[in-house]
């Protein structure tokens with residue numbers, strides 16, 4: 001067996017409608033389907049149903065840094081620092097605080113969705129990781 005690619009990611013949220021407003025309205029992910037059996041919405045980046053949210057209800061516990069599970073979901077938004085700066089302005093305008101980080105091979109913005117799930121928006125800025133994969137583990141504050 002050999003894994004060909006990552007197919008999709010599903011995250012758990014409290015309120016599907018609120019999360020739809022965030023992932024579709026703020027981040028611009030196109031909605032392609034809604035489940036008729038359970039509170040679940042599917043989004044596509046053009047390949048398939050790449051991302052989905054599954055509603056658990058208002059009494060669901062928040063994720064914490066000390067629990068096992070998904071650390072964050074990352075979305076590539078381009079290849080230039082200007083694109084990352086535009087994304088930061090967009091998040092700032094939406095009142096979403098974010099942390100800009102330089103990973104040397106990517107430059108990123110980290111922030112939380114309405115349920116505390118961590119999200120990363122990033123731009124690829126270097127092909128160096130192909131020759132030096134360890135460099136992807138670097139992280140320092142990015143001034144933008």
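The values are calculated or read from the model by the stated rules, or taken from the named source; none is laboratory data. Being a predicted model, the structure only gives us computed values, none of them experimental. With ideal geometry, Cβ positions are generated from the backbone for all residues, glycine too; neighbour counts draw on all protein chains shown.
Quick grid of which residues meet (1) under 18 Å from residue 16 (Cβ atoms); (2) touching a strand residue (DSSP E or B) at 6+ places or on another chain (Cβ under 7 Å):
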site: 36; (1), (2): yes, no
site: 39; (1), (2): yes, yes
site: 51; (1), (2): yes, yes
site: 54; (1), (2): yes, yes
site: 82; (1), (2): no, no
site: 90; (1), (2): no, no
site: 95; (1), (2): no, no
site: 110; (1), (2): no, yes
* within 18 Å of residue 116 (Cβ to Cβ), modelled with pLDDT under 95 and surrounded by 11 or more Cβ atoms within 10 Å (Cβ to Cβ), is that true of residue 45? -> no
* Which strands (runs of 3 or more DSSP E) does segment 1-111 wholly contain that include 2 or more residues that are within 27 Å of residue 136 (Cβ to Cβ) and touching a residue at least 60 places away in the same chain (Cβ under 8 Å)? -> 9-13
* Determine whether residue 105 is surrounded by 15 or more Cβ atoms within 10 Å (Cβ to Cβ), over 30 Å from residue 34 (Cβ atoms) and not assigned by TED's automatic domain parsing to the domain that holds residue 12. => yes
* Is it fair to say residue 119 is surrounded by fewer than 16 Cβ atoms within 10 Å (Cβ to Cβ), touching a strand residue (DSSP E or B) at 6+ places or on another chain (Cβ under 8 Å) and in contact (Cβ under 8 Å) with a residue 12 or more places away in the chain? -> no
* Asked: Within segment 60-77, can one find any residue that is in contact with a helix residue (DSSP H, G or I) (Cβ under 8 Å, 6 or more places away or on another chain), modelled with pLDDT of 90 or more and within 25 Å of residue 44 (Cα to Cα)?
  -> yes
